[in-house]
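Student: Below you'll find the structure I mean.
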Amino acid sequence: MALNVNSLLESPIIDLDSIDSTNNYAMRLIDADTAQPGMTVVAGRQTHGKGQRGRQWEDSPNQSLLMSIIIVPNHSIDEQFIFNASISLAIADALQALYENWHIRIKWPNDIIINDKKAGGLLIENIIRGNEWSYSIVGLGLNILQTEFPTELPNATSLKIASGKDFNIKEIRDAIRRNIIAYTTENKDSNSILEQYNEYLFKRGNEQLFYDATGEWNAVIECAKKDGTLKVRQSDGTISHYTHGVVTWKW
């Protein structure tokens with residue numbers, strides 16, 4: 001039976017003052033068989049927030065949206081990037097509706113960019129049992145009320161810095177949660193999702209600096225592909241496809 005958006009929105013929201021990681025908490029619920037689709041974990045502070053590729057997500061207590069949503073994907077296992085793209089779109093659309101003067105973009109694969117600086121990031125962890133994609137934990141860290149960042153994070157921003165306005169974290173939580181649940185539940189065409197994602201793609205059509213263990217170089221960003229790779233054009237005109245984590249973006 002297809003999951004209904006309205007019923008998923010009625011799933012519990014677990015609101016915590018502090019936790020090691022909202023993704024870890026959600027994973028423990030799944031392991032204990034007490035999770036349900038749409039269930040959401042929110043924290044005012046994370047002591048061991050998780051970022052991409054084992055990095056730690058740093059946050060200021062009660063100034064960020066720190067949230068993990070338990071989703072039962074309606075995509076096949078080979079469409080994991082399309083699922084990820086739909087979540088990025090859900091967040092980007094919610095933020096653009098919140099403040100129309102923002103320039104919202106998605107940095108491949110799923111960082112949230114406002115006015116050319118990083119405002120948030122996603123960590124999506126999938127639970128696959130056999131050939132069945134059982135659950136996905138959608139973890140989001142979004143800077144809301146910060147007015148300054150450490151000097152080692154020159155490319156970070158918050159909603160307040162980008163607008164000069166104060167925002168209600170709970171209201172933003174509800175708007176983004178609603179969008180994520182809707183965008184991952186309704187049957188949307190995969191090609192349409194990818195097309196919309198690429199419309200938001202940060203620095204599309206522009207030259208960008210990348211690096212790996214062998215050195216660094218510039219390439220022009222063309223688009224993201226259905227398999228999650230980034231299509232780029234090298235200086236000699238050849239086309240390459242980058243895999244996240246093998247080739248790294250350099251700010």
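Student: On the basis of being under 20 Å from the mean Cα position of the chain (by Cα), aromatic (Phe, Trp, Tyr) and in the same structural domain as Ile71 (by TED's automatic domain parsing), does Tyr183 make the cut? Before the answer, list the steps.
Tutor: Details: under 20 Å from the mean Cα position of the chain (by Cα): yes; aromatic (Phe, Trp, Tyr): yes; in the same structural domain as Ile71 (by TED's automatic domain parsing): yes.
In short, yes.
Here is a yes/no grid of residues against (1) touching a strand residue (DSSP E or B) at 6+ places or on another chain (Cβ under 9 Å); (2) assigned by TED's automatic domain parsing to the domain that holds Ala43; (3) under 27 Å from Leu8 (Cα atoms); (4) not hydroxyl-bearing (Ser, Thr, Tyr):
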site: Arg178; (1), (2), (3), (4): no, yes, yes, yes
site: Asn187; (1), (2), (3), (4): no, yes, yes, yes
site: Ser190; (1), (2), (3), (4): no, yes, yes, no
site: Ile193; (1), (2), (3), (4): no, yes, yes, yes
site: Asp212; (1), (2), (3), (4): yes, no, no, yes
site: Gly237; (1), (2), (3), (4): no, no, no, yes
site: His241; (1), (2), (3), (4): yes, no, no, yes
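Student: I've got another one for you. Hey, does the stretch 214-230 have a residue that's in a helix (DSSP H, G or I) and among the basic types (Lys, Arg)? Spell out the reasoning first.
Tutor: Taking the stretch 214-230 first, the residues in a helix (DSSP H, G or I) are none.
Within the stretch 214-230 (the criterion being in a helix (DSSP H, G or I) and among the basic types (Lys, Arg)), the answer is no, since none of the residues qualifies.
Student: Still on this model: What residue, among those in the stretch 59-85 that are assigned to a helix (DSSP H, G or I) and not small (Gly, Ala, Ser), is nearest to Gln146 (Cα to Cα)? Talk me through it step by step, then tell me what you get.
Tutor: If we filter the stretch 59-85 for residues that are assigned to a helix (DSSP H, G or I), which is where we start, we get 77-85.
Those still in the list that are not small (Gly, Ala, Ser) too: 77-84.
Working: Ile77: 37, Asp78: 38, Glu79: 35, Gln80: 32, Phe81: 30, Ile82: 31, Phe83: 30, Asn84: 26 Å.
Checking each candidate, the answer is Asn84.
Student: Continuing with the same structure: Does Ser136 satisfy the condition of being of a type in the set (Gly, Ala, Ser), under 19 Å from the mean Cα position of the chain (by Cα) and at pLDDT 95 or above? Can you show your working first?
Tutor: Working: of a type in the set (Gly, Ala, Ser): yes; under 19 Å from the mean Cα position of the chain (by Cα): yes; at pLDDT 95 or above: yes.
Judged against the criteria, Ser136 is a match.
Student: State which residue pairs qualify: first residue under 13 Å from Trp108 (Cβ atoms) and inside the stretch 186-212, second residue basic (Lys, Arg) and assigned to a strand (DSSP E or B) in any location, beta carbons under 9 Å apart, and separation of 6 or more residues or different chains.
Tutor: Note: pairs meeting the criteria are Tyr200/Arg105; Leu201/Arg105; Leu201/Lys107; Phe202/Arg105; Phe202/Lys107; Lys203/Arg105; Lys203/Lys107; Arg204/Arg105.
Student: Would you mention how many residues in the stretch 226-243 are in contact (Cβ under 8 Å) with a residue 40 or more places away in the chain and closer than 15 Å to Arg204 by Cβ?
Tutor: Step one: filter the stretch 226-243 for residues in contact (Cβ under 8 Å) with a residue 40 or more places away in the chain, giving 226-228, 230.
Then drop every residue that is not closer than 15 Å to Arg204 by Cβ, which leaves 230.
Matching residues across the stretch 226-243 total 1.
Student: Exactly one condition in (1) part of a helix (DSSP H, G or I); (2) surrounded by fewer than 22 Cβ atoms within 10 Å (Cβ to Cβ) is false for Ser88; which is it?
Tutor: Ser88 satisfies every listed condition except (2).
Student: Also, quick follow-up: For the stretch 119-165: of the residues being part of a loop (DSSP other than H, G, I, E, B) and among the acidic types (Asp, Glu), which is nearest to Asp78 (Cα to Cα)? Show your work before the answer.
Tutor: Taking the stretch 119-165 and keeping what is part of a loop (DSSP other than H, G, I, E, B), we get 130-131, 144-155, 157-158, 164-165.
If we keep only those that are among the acidic types (Asp, Glu) too, we end up with 148, 152.
Numbers: Glu148: 40, Glu152: 37 Å.
It comes out as Glu152.
Student: OK, next. Can you find, within the stretch 149-166, the residue that is farthest from Ser11 (Cα to Cα) among those that are surrounded by fewer than 21 Cβ atoms within 10 Å (Cβ to Cβ) and touching a Ser or Thr at 6+ places or on another chain (Cβ under 9 Å)?
Tutor: Looking at residues that are surrounded by fewer than 21 Cβ atoms within 10 Å (Cβ to Cβ) and touching a Ser or Thr at 6+ places or on another chain (Cβ under 9 Å), I get Phe149.
The values are calculated or read from the model by the stated rules, or taken from the named source; none is laboratory data. Because the structure is predicted, anything quoted here is derived from the model rather than measured. Cβ sites come from the backbone with ideal geometry, for glycine too, and all protein chains shown count toward neighbours.
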